[in-house]
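Below is one structure, written out as structure tokens; comments come after it.
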């Protein structure tokens, strides 16, 4: 997860602005206190030269898909129309790179109890996985993991932060 | 026990010299109008002897401080200030100076001694007196190794507490919890263990992996918990003595929310498969899990009744999280929570009478209800209080409190009246406390 963010941030320094990550339109602006942004520059040089993006890489994935994550309503794991279009774009990319495996990380906002949120994160990641499988992605390529409320994306205690944290994030593995 | 307590109260109220405010009944469920004044003078030694834990006269002062701290923290007692008490001579321990102690305002006197034995051990004598009735209420001696002197003090405090309240002891017990540090979106979490009063704090894991929800085995020698080791969140046991860890449930599935059965033979837990979470149990020595629930939805947070015959758990099968009770084999599942809002993290009292829970609605609050449902009472009121755990006597709860915004967590305790609430000091932030059994 953090690794993914690091790469995105690093890439945004060297690629055309705006390409790195397209968040869903209903995403509220991040709160003042977001993830720590320090230290990302140090990772920028490793494995990336100039504007070259390796086909089939996580960087390629992030540039190619509508978003690396889908968001959910409170206590819900329903895949809505916006989430469907995001997952469709992920499925299309995955069809181009059949050797790429993915981990789907399920998360919940802080307003649920710890254990329930672990189950809820699993339910969300599984919902995203099931949708991708229905689009032809082999189950053997997908690993799901729930982080419950342990790894919020946005650190505020407000509706905007909670909306960003109810998510299932697709991360490519082994590239 | 409770009858003798009533007798003390009756005697006190008959005495004209007793100020009205001091006429308290020490009743941990009904609440206390004012804590009872109690004198716990420094414990003398027959002769000052150096030990591995310091000299016996220094230990006498430390023992009395630990006893006073325990009793003060219960909310039921106000120890007399140490500066307002004269020293007690060794030969006075069994012959209390009642007129003097009556003058301090104390209703109860706890005095004793610390003696070094020839074999390197210590004996801590503990005597409890009713200052007004001028009678001895209890006496006990505890033989401990010098480095366990605090346990003797806790045992003495337990003796006082039990004798005066009629309730079971709880001070000589330990807590395992999750020590937290770091930014809200990347907390480092370590298992840590400490005495109930925060002393003897020790980390059990390095913080390399996220660890959650540690719980003691009934004999207190093992901890079952969840870890993200190898990026697979699953259940492990840890031997407290050796630090040895063992994976409980093989396979790639998410396993979590573990708890031992009261006889220690089984581990109750939740496992998610295909997005559906159910309750299972597995032999504490490993093997094939047995499925206990089979509902579409999230069934988690299982906790056994003290006799092991039933299980309380939470399920969202009806929509939001609610509490259910079933037989230990999974049969006869009945919903027991019917108030407004949602209910999670149920835990059965070791006395069997109550179930504590997190009430979810707006914020999180700690509450209790009867084991059959009904009689709901909420005990705390902050932004997020979560995951209660019972003291061994079933009369005090610990939980963790998360601050809005910062997400910083701290460990707190509250008694069943909801009036005696305090923070448990931990070196770093703390969450997921689990109160262990009374030590032998």
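FYI, it's all coordinate maths here, none of it is from the lab. What you see is a predicted model; the values in this text were computed from it and never measured. Every residue, glycine as well, gets a Cβ built from its backbone with ideal geometry; the counts of neighbours run over all protein chains shown.
When residue A:119 is tested against (1) part of a helix (DSSP H, G or I); (2) touching a residue at least 60 places away in the same chain (Cβ under 8 Å); (3) within 10 Å of chain B (Cβ to nearest Cβ), only condition (2) is not met. Out of all the residues in region B:304-327, which are more than 25 Å from the chain's Cα centre (by Cα) and either more than 12 Å from chain A (Cβ to nearest Cβ) or over 21 Å from residue B:363 (Cα atoms) (or both)? Within region B:304-327, B:317, B:318, B:326, B:327 meet the criteria.
Looking at region B:228-268, which of its residues are within 12 Å of another protein chain (Cβ to nearest Cβ), out of contact with any helix residue (DSSP H, G or I) (no Cβ under 8 Å at 6 or more places or on another chain) and without any contact (Cβ under 8 Å) to a residue 40 or more places away in the chain? Residues satisfying the conditions are B:228, B:230, B:231, B:232, B:234, B:235, B:252, B:253, B:255. Picking from residues in region B:208-226 that are within 14 Å of chain A (Cβ to nearest Cβ) and without any contact (Cβ under 8 Å) to a residue 24 or more places away in the chain, the one that is nearest to residue B:74 (Cα to Cα) is B:210. Within region A:154-168, the residues that satisfy the criterion of being buried (at least 21 other Cβ atoms within 10 Å of the Cβ) and in a loop (DSSP other than H, G, I, E, B) are A:155, A:156, A:157, A:166.
If you take the residues in region B:336-350 that are more than 11 Å from residue B:371 (Cα to Cα) and part of a strand (DSSP E or B), which one is farthest from the chain's Cα centre (by Cα)? The selected residue is B:342.
Restricting attention to region A:125-148, which residues are facing chain B (nearest Cβ under 9 Å), without any contact (Cβ under 8 Å) to a residue 60 or more places away in the chain and under 15 Å from the mean Cα position of the chain (by Cα)? Working first, answer last.
Kept after step one, since they are facing chain B (nearest Cβ under 9 Å), are these residues of region A:125-148: A:125-127, A:129-130, A:143-148.
Now drop any that are not without any contact (Cβ under 8 Å) to a residue 60 or more places away in the chain, which leaves A:125-127, A:129-130, A:143-146, A:148.
Scanning region A:125-148 gives A:125, A:126, A:127, A:129, A:143, A:144, A:145, A:146, A:148.
Given A:78, A:60, which one is in contact with a helix residue (DSSP H, G or I) (Cβ under 9 Å, 6 or more places away or on another chain), part of a helix (DSSP H, G or I) and either within 13 Å of chain B (Cβ to nearest Cβ) or more than 24 Å from residue B:362 (Cβ to Cβ) (or both)? If you could, list the steps in order and put the result at the bottom.
Details: A:78 fails: part of a helix (DSSP H, G or I).
Within the list A:78, A:60, the selection yields A:60.
When residues in region B:281-303 are screened for being within 13 Å of another protein chain (Cβ to nearest Cβ) and either in contact (Cβ under 8 Å) with a residue 40 or more places away in the chain or within 15 Å of residue B:256 (Cα to Cα) (or both), 7 of them pass. Scanning region B:111-152 for residues that are part of a strand (DSSP E or B), in contact (Cβ under 8 Å) with a residue 60 or more places away in the chain and closer than 16 Å to residue B:54 by Cβ yields B:113, B:114, B:115, B:116, B:122, B:124.
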